[in-house]
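Colleague: Please find one structure pasted underneath; my questions will follow.
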Amino acid sequence: MDLAFTKEERAFREEVRQFLRDNVLPEIRRKLAEGRKLAKDEIAAGARILNKRGVPTWPKEYGGAGWTLVQQYIFEEEVRAFPAQLTFGMGESLVGPVIYTFGSEVQKKYYLPRIANAEDWWCQGFSEPGAGSDLASLKTRAVRNGDRYVVDGQKIWTSGAQYADWIFCLVRTDPDVKKQQGISFLLIDLKTPGVTVRPIRLIDGDHVVNEVFFDSVRVPIENLVGEENKGWGYAKYLLGNERFGDAGVGISKERIRLAKELAERACVRGARLIDQTAFREKVAAVEVQLKALEITQLRVVASASKQQKGTQDPASSILKLRGSEVEQASAELLMDAAGPYALRDLSQEEREGRNEPPVGAYGAARSAPTYFYSRAASIYSGSSEIQKNIIAKAILGL
Amino acid sequence: MKLLVPVKRVIDANVKARVKADGSGVELANVKMAINPFDEIAVEEAIRLKEAGKAEEIVVVSIGPAQAAETLRTALAMGADRAILVKVDELVEPLGVAKVLKGVVEVERPRLVILGKQAIDDDSNQTGQMLAGLLGWAQGTFASKVEVAADRARVTREVDGGLQTVDLKLPAIITVDLRLNQPRYASLPNIMKAKKKPLDEKVPADFGADVKAKLKVIKTEEPSSRKTGVKVGSVAELVDKLKNEAGVL
Amino acid sequence: MNFDLSEEQRLLKDSVERLMLDSYSFGDRRKYQTEKRGFSEAMWARYAELGLLALPFAEEHGGFGGGAVETMIVMEAFGKALILEPYFATVVLAGGLLRLGASEAQKAELIPLIAEGRTKLAFAYAEPQSRYDLVDVETRAKRDGDGWILNGSKDLVLHGDAADKIIVSARTAGDTRENDGVGLFLVDADAPGLTRRGYPTQDGLRAADITLERVRVETANVIGDPAGAFPVISRVADEAVAALCAEAVGSFTQMQAITLDYLKTREQFGKKIGSFQVLQHRAVDMFVDLEQSRSMAIYAAIMAVESDASERERAVSAAKVQIGRSAKAIGQQSIQLHGGIGMTMEHSVGHYFKHVTMLDTLFGDAEHHLRRLAALGGLSGDQRME
């Protein structure tokens, strides 16, 4: 048993560090260090740089780097610490693996390189107004008509649809069977006539999610992934991947670092907030939770290579559940550290592209929106209650 | 005298086995594995024979995946002298196992092969008998007592209705039953010693054995669960229930 | 990075777990508890036979050179079975002091006695006023020719009434709560002037209060520097916390198993109660706490031998915070999920609840360690509190 990296792992880490120093643009690095958002073309350019040696999370034969989970973990840590932008989003992390696992040869050849080169942006069309936690009750219909499907319905909470070129959707292709058995996995070009994207503003003031409407949208049948009516299985595979990577350790670490930084500057009756016992104990308590989560993730990562195909360490089931709770606790710390300086709303200035305020005040001003948005962590991609249902059944056998 | 003890890696006896969702077999992912308890008794008996000066060397052999090396290490830590792992990733049926063991016997030339009467995973109870058949050796199965002299072995067998004693001419095969002995735990000194004991890796082809499956598993299902029992207050009540409720008397 | 057990560690785990399974059922435990000293001498002999009593000592002293991970394996198995024997007191605590503080001659004399199960030890560190502060020592040791005279009283000496020899922390110089001036003295349990009053602890183990009145200790029985033993005590305490974390994880594991079993068999409203979602979510909360605790116990074991004191203390404290909080969470859930039967002495789950609650109070509870961690600047960053 050893927490330290092996010689080979350390060499890999050094290589990653060198690669980042050689390739990541200084202005991107600075922007990220200051906690600012990147523009779409900056993200795309960044992705092309990071994917130079293959997509970190993909196997070699599909244009991936072919790294082990431990290597992926090291890469992620280094990218965060640098900082460079982490991922190109859902194309890479969600639909890519579904396409190379279940897609046709034609689909693999067409879509995968375009994702790897950041040519196509993807978003996920799963949730619907009437199908949230009960995802399988989704109603968006796809009716086969010759060599096309005609899609009608609505998706909601679609992150990044405003930037995306494509959407991967769960659609109902057979309304007459058990709800899980009539679902298909369809790739839809967002430029197709009949698709409308409408923004939803969330309580943090930001525009991340959208509604996507489909009105007689004609989709070629070759855009079906795998077999018709087998989409639920592919979605479960995808959500499994999503949960696996969702511990958010890096996000929470960053928040705690920021909270401590804010507390070093904040004054309470002439003394620094960071020197107040009550505050320090609050931070330490969250750090303990985060460390426990991080070690659990490392245990899962380390054991993954030895697991039989298709099985996971039972501990992996708690990563999403616990990860969202720790993310939320760390967001609360940010609020506590910022105190009254959390009040100022900078979202309008941000939207207008102005960013003059000094870094410190800027960090404090981001803390409230961060806290507000953090509430979503225990709701999206399987709410905490759904996670508990899954663990109770699959792991505890209840 | 050299003893050969075949050991099998099976689901730990304390784990509740679960059938895979698709019914293709028993779920082995994330399940604790251990040495087959009957084989463990065989290892213990071999060690006792050695401690009593009746044997000089104990060779343990396992046929199975790479992880079966763990099972062999357990036997070495109990006190066996060296180990042979015959690596096969697929499930091997008793006949396949017996063929490999015949090959091992021909190379190692033990005077006695001691093994469990059956493995607790498939409960076949065939390997020892098949090996005796293939080698044309004497066999004493279901042993609850073993006495070994220079070229004979006396085996007390647990059979229906009592004990039977058979006298075997060596070389021979003995399969052991539950009540033969209480196996020891691997102690730290022996665990440390086991580290230095040799473990050779082989494949079935090294012994010219064909381990291809001859059987096809059609489906696997869990046994129906037992109904809740009742406690009876007296013998009379029991007899009454057996007569009038169960209808077996 | 790797979390695998080595071949030897796996075999050790198999052996100890099997021994517990075969000889330490809840019924066995109850029987052992009624023996003269409140635990099983026969089991103690089995531990010796398996080499467990020699586990952490160096090979040249007849040990097996086991580290914190090996101790973790053994303590976890012990925690699962809720053992009564003074393994923690003799091997982890007193053994740790000898390992890190004693002279070659002292080791050569004592370690074989421990290893063979012939001598049991205890460590008297706590005092009426000290709470969790190991340096808060008022017991005095005064020079007396070529020896020392000890005066004072020690509280809550774990397994103090079964010990043949007791290692006592006493002040040779300095004021109460000063790091310098603390020494370790090896005292025979029947030494003139030493009186002890044994009593059961809440979780069915034993402890003793000890009074020292002009107890004479020869120089040969001083462990290490008579005025500079605190660093040794502090390292042993960190190792002890790591061991307690592992023991707690063993108990948690068993509590989870017992509770799940109950949820799958107990019926109410015509259904297995495990089919109710409210109870399922409580069971999942237990599972999450268990896995988080397991991770932190591993972390503590790996870090317990870290030579950088600050790194070590932060890690160990973080682990004890997790374990202490999980002891409450898992303990309370397991009782609640059992309902009335969980409140009875007859059922095992309450005994686990009592034991893990007591583990929280040994060598600093969650609040104590949270304070220490916070004062050290937390787990990230290096803002020490002045």
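Colleague: With the cut-off at 1.5 for a/c, could you classify chain A from its C-alpha gyration tensor as rounded, prolate or oblate?
Modeller: Numbers: a/c = 1.59, a/b = 1.44, b/c = 1.10.
Prolate shape, in that a/c is at least 1.5 and a/b is the bigger ratio.
Colleague: Can you work out ³J(HN,Hα) from phi for every residue in the stretch B:201-212, in order, using Karplus 6.51 cos²θ - 1.76 cosθ + 1.60 and θ = phi - 60°, giving whole Hz and x for Gly and Pro?
Modeller: 9, 9, 10, x, 4, 4, 10, x, 9, 9, 10, 4
Colleague: For C:Gly117, enumerate residues with amide H under 5 Å from its amide H, sequence gap 5+ or separate chain, H modeled in the peptide plane.
Modeller: Distant-sequence amide H within range of C:Gly117: zero hits.
Colleague: What length, rounded to one decimal in nm, is gained on full extension from B:Val230 through to B:Ala17, with 0.36 nm per residue of separation minus their alpha-carbon distance? It would help to have the intermediate numbers written out before the result.
Modeller: On the way: separation 213, 0.36 × 213 = 76.68 nm, distance 2.59 nm.
Full extension from B:Val230 to B:Ala17 adds 74.1 nm.
Colleague: Could you order the peptides C:106-118, C:247-259 from most to least packed, using the average number of other C-beta atoms within 10 Å per residue? Let's see the in-between values first.
Modeller: Numbers: C:106-118: 17.8, C:247-259: 24.2.
My ranking of the peptides, most packed first, is C:247-259, C:106-118.
Colleague: Turning to a different aspect of this structure: List the residues, sorted by chain then number, that are 5 or more residues from B:Val176 or on another chain and whose placed amide H is less than 5 Å from its amide H.
Modeller: So B:Val176 has HN proximity to B:Leu115, B:Gly116, B:Lys117, B:Phe142, B:Ala143.
Colleague: Let me ask something else about it. Using only the heavy atoms of the protein chains and a 1.4 Å probe, how would B:Ile35, A:Ile221 rank by accessible area, largest first? Working shown, then result.
Modeller: On the way: B:Ile35 20, A:Ile221 50 Å².
Final ranking, largest accessible area leading: A:Ile221, B:Ile35.
Colleague: Using a simple spin-label model with points 7 Å from Cα along the Cα→Cβ vector, what separation in nm is obtained for A:Ile379 and C:Leu100?
Modeller: 5.0 nm
Colleague: Could I ask something else about it? Peptides C:343-353, C:38-48: what's the order by average Cβ count within 10 Å, highest mean first? Don't jump to the answer; show the numbers that get you there.
Modeller: Working: C:343-353: 17.0, C:38-48: 18.8.
Most protected by this proxy first, the peptides run C:38-48, C:343-353.
Colleague: Additional query: At a probe of 1.4 Å, how much accessible area disappears from chains C and B on forming the pair, both sides counted, to the nearest 100 Å²?
Modeller: Values: alone 17360 and 14320 Å², together 30050 Å².
Result for this pair: about 1600 Å² buried.
Colleague: Now for a different question. What is the gain in length, in nm to one decimal, between A:Ile203 and A:Glu27 on full extension, counting 0.36 nm per residue of separation less the C-alpha to C-alpha distance? Walk me through the intermediate numbers first.
Modeller: Numbers: separation 176, 0.36 × 176 = 63.36 nm, distance 2.97 nm.
Working it through step by step, the gained length comes to 60.4 nm.
Colleague: Right, another one. When chain C is treated as a GNM, springs tying every alpha-carbon pair under 10 Å, which of C:Pro56, C:Pro231, C:Pro86 comes out with the largest mean-square fluctuation?
Modeller: In the Gaussian network model the winner is C:Pro231.
Colleague: What is the spin-label model distance, in nm, from B:Val217 to C:Asp155 if the labels are put 7 Å beyond Cα along the C-beta direction?
Modeller: 6.0 nm
Colleague: Give me the percent of the accessible area of chain B that comes from carbon and sulfur atoms, probe 1.4 Å, all protein chains in place. Intermediate values should be presented prior to the final figure.
Modeller: Details: 6870 of 13310 Å².
Ligands and nucleic acids excluded, carbon and sulfur give 52 percent.
Colleague: Could I ask something else about it? Please state the relative contact order of the stretch C:163-235 as a whole percent: Cα pairs under 8 Å, 6+ residues apart? Spell out each step's value before the answer.
Modeller: Numbers: 115 pairs, mean separation 25.3, N = 73.
Worked out over the stretch C:163-235, it gives 35 percent.
Colleague: Beta carbons within 10 angstrom, averaged per residue: use that to sort the peptides C:140-148, A:108-116, highest first. Numbers along the way, then the final one.
Modeller: Values: C:140-148: 15.1, A:108-116: 19.0.
Per-residue Cβ counts within 10 Å, averaged per peptide and sorted highest first, yield A:108-116, C:140-148.
Colleague: Here's a follow-up. Compactness ratio of the stretch C:253-386: Cα Rg over 2.2 N^0.38 Å, N = residue count? Mind showing how you got there, number by number?
Modeller: Working: Rg = 17.7 Å, N = 134, 2.2 N^0.38 = 14.1 Å.
Dividing the Cα radius of gyration by 2.2 N^0.38 Å gives 1.25.
Colleague: Let me ask something additional. To the nearest hundred square angstrom, how large is the accessible surface buried between B and A, total for both chains, probe 1.4 angstrom? Display every interim value, and only then the final one.
Modeller: Details: alone 14320 and 20520 Å², together 34510 Å².
Buried area between the two chains comes out at roughly 300 Å².
Colleague: Could you sort out which of B:Lys241/C:Lys271; B:Lys20/B:Lys99; A:Lys291/C:Lys36; A:Lys291/C:Lys107; B:Lys32/B:Lys227 sit more than 32 Å apart by Cα distance in this structure?
Modeller: A:Lys291/C:Lys36; A:Lys291/C:Lys107
Colleague: Compute the Cα gyration tensor for chain C, then decide on rounded, prolate or oblate, letting a ≥ b ≥ c be the square roots of its eigenvalues: rounded whenever a/c is under 1.5, prolate when a/b is larger than b/c in the other cases, and oblate in all that remain.
Modeller: Verdict is prolate for chain C.
Colleague: Taking the full set of protein chains and a 1.4 angstrom probe, give the accessible area of B:Glu201 in square angstrom, rounded to the nearest 10.
Modeller: B:Glu201 has an accessible surface of roughly 120 Å² with all protein chains in place.
Colleague: Just tell me how shielded A:385-398 is by partners: mean number of partner chain Cβ atoms within 10 Å of each residue's Cβ, no decimals. Present the calculation step by step, with values, prior to reporting the outcome.
Modeller: Values: counts 3, 0, 3, 9, 4, 1, 7, 12, 1, 0, 5, 11, 6, 13.
Taking the mean over all residues of the peptide, I get 5.
Colleague: Just reorder A:Asp215, C:Asp238, A:Asp176 by solvent-accessible area, largest first, 1.4 Å probe, all chains present.
Modeller: I get A:Asp176, A:Asp215, C:Asp238, largest accessible area first.
Colleague: Give, as a single signed number, the net charge of other residues whose beta carbon lies under 12 Å from the beta carbon of C:Ile73, with Lys and Arg counted +1 and Asp and Glu -1. Could the numbers behind the result be given before it?
Modeller: Values: positive: C:Arg10, C:Lys13, C:Lys80; negative: C:Glu8, C:Asp14, C:Glu17, C:Glu70, C:Glu76, C:Glu247.
Around C:Ile73, the charge tally is -3.
Colleague: Another question, then. Amide H to amide H under 5 Å from C:Asp164: which residues, 5+ apart in sequence or cross-chain, H placed 1.01 Å off N in plane?
Modeller: Hits under the 5 Å cutoff: C:Lys120, C:Leu121.
Colleague: Next up: If you roll a 1.4 Å probe over the heavy atoms of the protein chains, what accessible area per residue do you get for chain C, in Å²?
Modeller: 38 Å²
Colleague: Hey, another quick one. Would you mind checking the tilt of helix A:40-50 against the longest principal axis of the Cα atoms of chain A, expressed as 0 to 90 degrees and rounded to 10?
Modeller: Computed tilt is about 90 degrees.
Colleague: Give the ranking of A:Ser330, A:Ser378 by solvent-accessible surface, highest area first, calculated with a 1.4 Å probe.
Modeller: Working: A:Ser330 0, A:Ser378 20 Å².
Result of the area sort, largest leading: A:Ser378, A:Ser330.
Colleague: Also, quick follow-up: How big is the accessible area of A:Thr6 in square angstrom, nearest 10, if you roll a 1.4 angstrom probe over the protein chains?
Modeller: Counting only protein heavy atoms, A:Thr6 exposes about 60 Å² to solvent.
Colleague: Output the relative contact order of the stretch A:21-170, whole-number percent, from Cα pairs under 8 angstrom with separation of 6+ residues.
Modeller: On the way: 190 pairs, mean separation 28.8, N = 150.
With pairs under 8 Å counted, the relative contact order is 19 percent.
Colleague: Rounded, prolate or oblate: which one fits the stretch A:122-230, using the alpha carbon gyration tensor with axes a ≥ b ≥ c (rounded when a/c is under 1.5, else prolate when a/b beats b/c, else oblate)?
Modeller: Oblate, since a/c reaches 1.5 and b/c is not below a/b.
Colleague: May I ask for the accessible area buried between chains C and A, both sides summed, probe 1.4 Å, to the nearest 100 Å²? Before the final figure, lay out the partial values.
Modeller: Working: alone 17360 and 20520 Å², together 33910 Å².
Looking at C and A, the buried total is near 4000 Å².
Colleague: Report, as an integer, the average count of C-beta atoms from other chains found within 10 Å of each Cβ along B:179-190.
Modeller: Working: counts 0, 0, 0, 1, 1, 3, 11, 9, 10, 15, 5, 4.
Average per residue, whole number: 5.
Colleague: Another one. Explain nothing, just compute: Karplus ³J(HN,Hα) = 6.51 cos²θ - 1.76 cosθ + 1.60, θ = phi - 60°, for every residue of the stretch B:223-237 in order, whole Hz, x for Gly and Pro.
Modeller: Coupling constants for the stretch B:223-237: x, 5, 6, 6, 6, 4, x, 10, 8, 9, x, 8, 4, 4, 5 Hz.
Colleague: In nm, give the distance between the simple-model label positions of C:Glu311 and C:Glu109, each being 7 Å from the Cα along the Cα-to-Cβ direction.
Modeller: About 3.7 nm separates the two model spin labels.
Colleague: What's the local net charge at C:Pro226, with K and R +1, D and E -1, over the other residues with C-beta under 15 Å away?
Modeller: -1
Colleague: I'd like to check one number: the per residue accessible area of the stretch A:271-332, probe 1.4 Å, reported in Å² as a whole number. Intermediate results must be reported in sequence, preceding the final value.
Modeller: On the way: 2060 Å² over 62 residues.
Ligands and nucleic acids excluded, the figure is 33 Å² per residue.
Colleague: Can I ask one more? Please turn the phi angles of the stretch C:337-353 into ³J(HN,Hα) values with the Karplus equation 6.51 cos²θ - 1.76 cosθ + 1.60 (θ = phi - 60°), one per residue in order, whole Hz, x for glycine and proline.
Modeller: Coupling constants for the stretch C:337-353: 5, 7, x, x, 4, x, 8, 8, 5, 5, 8, 5, 4, x, 5, 5, 4 Hz.
The values are calculated or read from the model by the stated rules, or taken from the named source; none is laboratory data. Not measured: the values here are computed from a predicted model. Backbone-built Cβ (ideal geometry, glycine too); neighbour counts: all protein chains shown. All accessible areas refer to the heavy atoms of the entire protein, side chains included, with ligands and DNA or RNA removed. Shrake-Rupley method; radii C 1.70, N 1.55, O 1.52, S 1.80 Å.
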